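K.L.:
Would you mind keeping the following structure in view while I ask a few things?
The values are calculated or read from the model by the stated rules, or taken from the named source; none is laboratory data. Just so you know, these numbers come straight off a predicted model, no measurement behind them. All Cβ positions, glycine included, derive from the backbone under ideal geometry; neighbour counts span all protein chains shown.
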C-alpha cells in the first residue's frame, strides 16, 4: 500500500520508501521518513499532487513520488 | 567568544540574528565554497561576542555543500557555543536535528522559538523537562517580538564560560552494538569529530568521512561491511535509514514526553486552504488573485507610464530644437541617451515596482507554493512544474519582471524552458503592434486569431523543448508554509534589493544599446539594416523597408510599429501594406528577438549562453510562425 492509496484524512504510518537516494534525502529533510505518522489532507484535481500533513507541517508531493512511499494503516 | 546559530529553515533563526545584529553585520563565505553565512558582533554582559548565523539545514547528513560546511564549522574550534533554534510548533521535527547536534558533543543551548505559534496550535511544552531530557539549557522565546533573547544569550555565555558538553544520545541496543564494534577499531585516531560521532558518520556512509578515514585505516572497510551487513539483515533496511530512523524516534519520544496537547485554536488561517486549494473554488480564487495582481500592476503601470513618456517626448523635442544648429551627431547621442533612460524609467517605475511589491506579498503570505500545487497537473502536460505558470502570466504585461520571476524555480532546465516560453508571450508593447496594425485595419477577430495562434505555438514549443531536455526531477516535493501576515519592512526591502539590481546591472546596458542604435541612425545606414534583414523580409513577402523598424524594435517593441510608418512613408498602413503583409509582420513581431531589456535580464538571470540560445530559438520560431501566418493569411485574403 502506498501513500496514493491512503484514505483521505486518516493518519497512516510510513513504513518504507522505494526509490532513488536523491528523492529520499529530500523527503527525509521534510520529515517523511519510515516510522513517521502522516495524513493526506487533499488532492489537487486532474492527477495533480497531494498535500500531506507531517507532524503539523504541510508538504505537497507529486503522485509519482507518493506512489513510492509505502504506508500502513494502524 | 563565538556563538553559532543553527536551525532548520523557517525556524526563525534569521529573525533572531536580525534582532541582535548591528548594522555592521557582514556576509562571509566558507573558504572555497559559495556557502555563505552572516556574522556580527554583539555586546553581552560587558563583553563582546561574535554571533554567526549559519545556513539553515534540515539535517546534518552532509548530502549538500551547506550541510557539510555547517558540520565542519561546528566541530572546528572556531565556535564556542552552538545556539540551536527550534520552532516550538514543530518540536519533534526540530529535535531530530538537535539529536544530531548532541552527537557532535559541543557546548550548546536551545532557543525554543515561536512559543506563541505553538500556543495557538495548542502545543504546551514542559521546558524544564525538555532541558533535563536533553541535558541542555532550553530557553523559551519569541524572536519576532524580541522576547527571550537576552536570557538565551546570557545562558549561552555561561555555557561558553564553563565549556560544558551535553551527554551524547543513545540508540537501540543493536545499533549501539554496531557503534561500539567500530568505535573500538578507531581508538587513537585523530579527527575533528569525536570518535562516537565519527563512527556514526561512517555507518551512515558519509562519503567525505568514509574516504578520509579509509585512507588512514584501509582495513576498516572489512569491519564496516561486516557490521553493516549484520544490521542490514536484522532490520531489512539500509543502515543510514536505520540511523535516521533512530534519531527520529528518539526525537518523537522526547517530544511526546514534554508536550501537553491542549485545544487547537482554529483560526481563519487553518480554514484558508479549504478555499484556496479547493478543487473548484481554488481555481476561481487563483484566477481572481492573478487577475487582480496583473490588473493592479499594469493599470497602475500604464497610468504612470503614459504621462511620463509624454514628458520624456517633450524633453526630447526640446533638446532637438536646442541643438538643431549644433552638431547632429551629438544630438543623436543625446536622443539615444534619453531613449535609454526613458526606456528604463518606463519599465522600472511603472511595472517593476508594483510588480515586485505584489510578488513579495504573494511570496511572504505563502501563496506561491499553493499556485504550484494547483497548477502542477496542467503544467506537467507541457513538461513543466506548477510554479512555471507565474512567469507566463506576468509575461503578458512585461517580459522583464516575468523573466525575473523564474527565480522561484529551483531547477535549471525548468528555468530555461520557462524563460524561453515567457519571451514568446506577447507583452503590452507587442499588444500595441497587434492592435495598431491588425485589429485596427483587419478587425478584432483576426487579432484574436493571432493570440490563439500564439498560445498554440507556445504549447508546441513547450512540448518540443521538454522532448529535447527531458525532465530530470521525479516530481514535486515542496513544503507548504503556514500562511503568515507579511511585514511591510520585509516586502519593501526585498523589492528594493531587486530593483537596485536592475538599475545597477541592466539599465546601463540598455542606455548603451540605445546610444549605439542612435549612432547607426545618425550614420544613416538604413539601407544597411534593410539589406541585413533582407532574407527575412523576402521570405515573409514583406517590403524591404521593414528592416529598420524590426531592428529598432529590439530596443522597444512599440518602435516596430512607430518606425514602420516612418520607413514606409505613411502611417496609413492599409495603403502601403496588403492584409497578408500586415498579419505576417504582426506575427513575426510577436515572436522574434526579445527586446533589449529582456535580453539583458535573461543574461543576468540565466547567463549569456541562455540569452543567445533563447534569442536564436525566438528568431527560428518567428520565421516559422511568420511563414505559417503568411500561408494562412493568403488562404483568407
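K.L.:
Let me confirm something: among B:123, B:110, which residue is within 14 Å of residue B:16 (Cβ to Cβ), more than 29 Å from the chain's Cα centre (by Cα) and in contact (Cβ under 8 Å) with a residue 12 or more places away in the chain? I'd like the intermediate steps shown before the answer.
P.N.:
Working: B:123 fails: within 14 Å of residue B:16 (Cβ to Cβ).
None of the others qualify; the one that does is B:110.
K.L.:
Could you list, ordered by first residue, the pairs with Cβ atoms under 7 Å in which the first is in segment B:471-493 and at the interface with chain A (Cβ under 10 Å from one of its Cβ atoms) and closer than 16 Å to residue B:362 by Cα and the second is part of a loop (DSSP other than H, G, I, E, B) and modelled with pLDDT of 75 or more, at least 6 apart or interchain?
P.N.:
Listed by first residue and then by second, the contacts come to B:479/A:30; B:481/B:366; B:482/B:366.
K.L.:
Would segment B:473-487 turn up any residue that is part of a helix (DSSP H, G or I), over 30 Å from residue B:417 (Cβ atoms) and either out of contact with any strand residue (DSSP E or B) (no Cβ under 7 Å at 6 or more places or on another chain) or modelled with pLDDT of 75 or more (or both)?
P.N.:
Taking every residue of segment B:473-487 in turn, none turns out to be part of a helix (DSSP H, G or I), over 30 Å from residue B:417 (Cβ atoms) and either out of contact with any strand residue (DSSP E or B) (no Cβ under 7 Å at 6 or more places or on another chain) or modelled with pLDDT of 75 or more (or both).
K.L.:
Return the residues of segment B:396-410 that are modelled with pLDDT of 80 or more and over 19 Å from residue B:344 (Cβ atoms); say none if nothing qualifies.
P.N.:
Matches in segment B:396-410: B:406 only.
K.L.:
So how many residues does segment A:10-29 have that are at pLDDT 80 or above and crowded, with 17+ Cβ neighbours inside 10 Å?
P.N.:
Qualifying residue count for the region: 4.
K.L.:
Among the helices (runs of 4 or more DSSP H) lying completely within segment B:534-613, list those that include at least 3 residues that are surrounded by fewer than 21 Cβ atoms within 10 Å (Cβ to Cβ) and within 27 Å of the chain's Cα centre (by Cα).
P.N.:
B:596-606
K.L.:
Moving on to the next point. Looking only at segment B:365-384, decide whether some residue is at pLDDT below 75 and either more than 14 Å from every other protein chain (Cβ to nearest Cβ) or under 12 Å from the mean Cα position of the chain (by Cα) (or both). Steps first, answer last, please.
P.N.:
Going residue by residue through segment B:365-384, those that are at pLDDT below 75 are none.
Looking through segment B:365-384, none of the residues is at pLDDT below 75 and either more than 14 Å from every other protein chain (Cβ to nearest Cβ) or under 12 Å from the mean Cα position of the chain (by Cα) (or both).
K.L.:
Given the condition closer than 29 Å to residue B:397 by Cβ, at pLDDT below 80 and not in a helix (DSSP H, G or I), answer yes or no: does some residue in segment B:496-504 qualify?
P.N.:
no
K.L.:
Which numbered condition trips up residue B:364, out of (1) surrounded by 21 or more Cβ atoms within 10 Å (Cβ to Cβ); (2) in a helix (DSSP H, G or I)?
P.N.:
The single condition residue B:364 does not satisfy is (1).
K.L.:
Those residues that are over 12 Å from residue B:257 (Cβ atoms) and either at pLDDT 95 or above or touching a strand residue (DSSP E or B) at 6+ places or on another chain (Cβ under 7 Å) (or both), I need them from segment B:113-127; list them, please.
P.N.:
Here is the first cut: in segment B:113-127, the residues over 12 Å from residue B:257 (Cβ atoms) are B:113-124, B:127.
Matches in segment B:113-127: B:113, B:114, B:115, B:116, B:118, B:122, B:123, B:124, B:127.
K.L.:
If only one of A:40, A:59 is part of a strand (DSSP E or B) and over 27 Å from residue B:98 (Cβ atoms), which one is it?
P.N.:
A:40
K.L.:
Mind checking which residues of segment B:142-168 are surrounded by 17 or more Cβ atoms within 10 Å (Cβ to Cβ) and closer than 28 Å to residue B:197 by Cβ?
P.N.:
Result: B:152, B:153, B:155, B:156, B:157, B:159, B:160, B:166.
K.L.:
Oh, and also: Output yes when any residue across segment B:173-191 is touching a residue at least 12 places away in the same chain (Cβ under 8 Å), surrounded by fewer than 16 Cβ atoms within 10 Å (Cβ to Cβ), under 38 Å from the mean Cα position of the chain (by Cα) and outside the structural domain of residue B:68 (by TED's automatic domain parsing), and no when none is.
P.N.:
Yes, segment B:173-191 contains at least one residue that is touching a residue at least 12 places away in the same chain (Cβ under 8 Å), surrounded by fewer than 16 Cβ atoms within 10 Å (Cβ to Cβ), under 38 Å from the mean Cα position of the chain (by Cα) and outside the structural domain of residue B:68 (by TED's automatic domain parsing).
K.L.:
Tell me, which residue of segment A:12-30 that is over 11 Å from the mean Cα position of the chain (by Cα) and touching a residue at least 24 places away in the same chain (Cβ under 8 Å) is nearest to the other protein chains (Cβ to nearest Cβ)?
P.N.:
Result: A:23.
K.L.:
Assess whether residue B:589 counts as being in contact (Cβ under 8 Å) with a residue 24 or more places away in the chain and within 22 Å of residue B:555 (Cβ to Cβ).
P.N.:
yes
K.L.:
What tally of residues in segment B:128-175 results from selecting those that are out of contact with any strand residue (DSSP E or B) (no Cβ under 6 Å at 6 or more places or on another chain) and at negative phi?
P.N.:
Keep residues of segment B:128-175 that are out of contact with any strand residue (DSSP E or B) (no Cβ under 6 Å at 6 or more places or on another chain), which gives B:128-129, B:132-135, B:142, B:144-147, B:149-150, B:154, B:158, B:161-175.
Next cut, at negative phi only: B:128-129, B:132-134, B:142, B:144-145, B:147, B:149-150, B:154, B:158, B:161-162, B:164-175.
Total satisfying the criteria: 27.
K.L.:
Can you say whether residue B:623 is over 35 Å from the mean Cα position of the chain (by Cα) and part of a helix (DSSP H, G or I), as far as the supplied structure shows?
P.N.:
no
K.L.:
Which one of these is at the interface with another protein chain (Cβ under 8 Å from one of its Cβ atoms), in contact with a strand residue (DSSP E or B) (Cβ under 6 Å, 6 or more places away or on another chain) and over 22 Å from residue B:236 (Cβ atoms): A:52, A:59, A:40?
P.N.:
Numbers: A:52 fails: at the interface with another protein chain (Cβ under 8 Å from one of its Cβ atoms); A:40 fails: at the interface with another protein chain (Cβ under 8 Å from one of its Cβ atoms).
On inspection, the qualifying residue turns out to be A:59.
K.L.:
Report yes if residue A:73 is in contact with a strand residue (DSSP E or B) (Cβ under 9 Å, 6 or more places away or on another chain), over 25 Å from residue B:206 (Cβ atoms), touching a residue at least 12 places away in the same chain (Cβ under 8 Å) and more than 8 Å from chain B (Cβ to nearest Cβ), otherwise no.
P.N.:
Working: in contact with a strand residue (DSSP E or B) (Cβ under 9 Å, 6 or more places away or on another chain): yes; over 25 Å from residue B:206 (Cβ atoms): yes; touching a residue at least 12 places away in the same chain (Cβ under 8 Å): yes; more than 8 Å from chain B (Cβ to nearest Cβ): yes.
When the stated conditions are applied, residue A:73 passes them.
K.L.:
Restricting attention to segment B:94-102, does a residue exist that is more than 21 Å from residue A:26 (Cα to Cα) and either touching a residue at least 24 places away in the same chain (Cβ under 8 Å) or within 14 Å of chain A (Cβ to nearest Cβ) (or both)? Give the derivation first.
P.N.:
First, the residues of segment B:94-102 that are more than 21 Å from residue A:26 (Cα to Cα): B:102.
So of that shortlist, the ones also either touching a residue at least 24 places away in the same chain (Cβ under 8 Å) or within 14 Å of chain A (Cβ to nearest Cβ) (or both) come out as B:102.
Checked segment B:94-102: at least one residue is more than 21 Å from residue A:26 (Cα to Cα) and either touching a residue at least 24 places away in the same chain (Cβ under 8 Å) or within 14 Å of chain A (Cβ to nearest Cβ) (or both).
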